[in-house]
Amino acid sequence: FDELELTFNVYPNPNQGEFVVQFDQELNEANLEIYSLSGQLITSQTVSGNKVEVNMIEAERGTYVIKVQSERVVVVKRFVKH
């Protein structure tokens, strides 16, 4: 597979703070970080496999940025928490 083609979906989006990040391929210890739009790191975790469940119920409502970084590629996507 070619990590340079890495894509992912966030669902549901918008969400209530619990959501799934689904990747189009298997990841091996990629880093998933979630930031507020002001740049504050909300959570960070290592991801392996093709999906991860995230719980951010305690976070404020708003728009957040998910950053997924594997060995050779970084992909960024926004989502909204109600």
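Quote the charge dipole size of the chain about the Cα centre in Debye, to the nearest 20; the model charges only the Cβ of Lys and Arg (+1) and of Asp and Glu (-1).
Here the chain has a charge dipole of around 380 debye.
Among VAL47, VAL74, TYR64, whose Cα projects farthest towards the positive end of the dipole of the chain, with charges put on the beta-carbon of Lys, Arg (+1) and Asp, Glu (-1)?
TYR64
Counting alpha carbon pairs within less than 8 Å and at least 6 residues apart, what relative contact order, in whole percent, applies to the chain?
34
Probe radius 1.4 Å, ligands and nucleic acids ignored: give me the carbon and sulfur share of the accessible area of the chain as a rounded percent.
The value for the chain is 44 percent carbon and sulfur by accessible area.
Using amide H atoms built in the peptide plane, which far-off residues or other-chain residues are under 5 Å from LYS51 H to H?
PHE23
Give me the accessible area per residue for the chain, probe 1.4 Å, as a whole number in Å².
I get 62 Å² per residue for the chain.
Step through the residues of region 48-56 one at a time and calculate ³J(HN,Hα) from phi using the Karplus curve (6.51 cos²θ - 1.76 cosθ + 1.60, θ = phi - 60°), rounding each to whole Hz and writing x for Gly and Pro.
Values per residue, Gly and Pro as x: 10, x, 10, 7, 9, 9, 10, 10, 10 Hz.
Throw me the Rg/Rh for the chain, computed over C-alpha atoms with Kirkwood Rh, two decimals.
0.95
The values are calculated or read from the model by the stated rules, or taken from the named source; none is laboratory data. Computed from a predicted model, the values in this text were never measured in an experiment. A quick note on method: Cβ atoms are made from the backbone with ideal geometry, for glycine too, and the neighbour counts reach across all protein chains shown. Heavy atoms of the whole protein, side chains included, go into the accessibility calculation; ligands, DNA and RNA do not. Shrake-Rupley method; radii C 1.70, N 1.55, O 1.52, S 1.80 Å.
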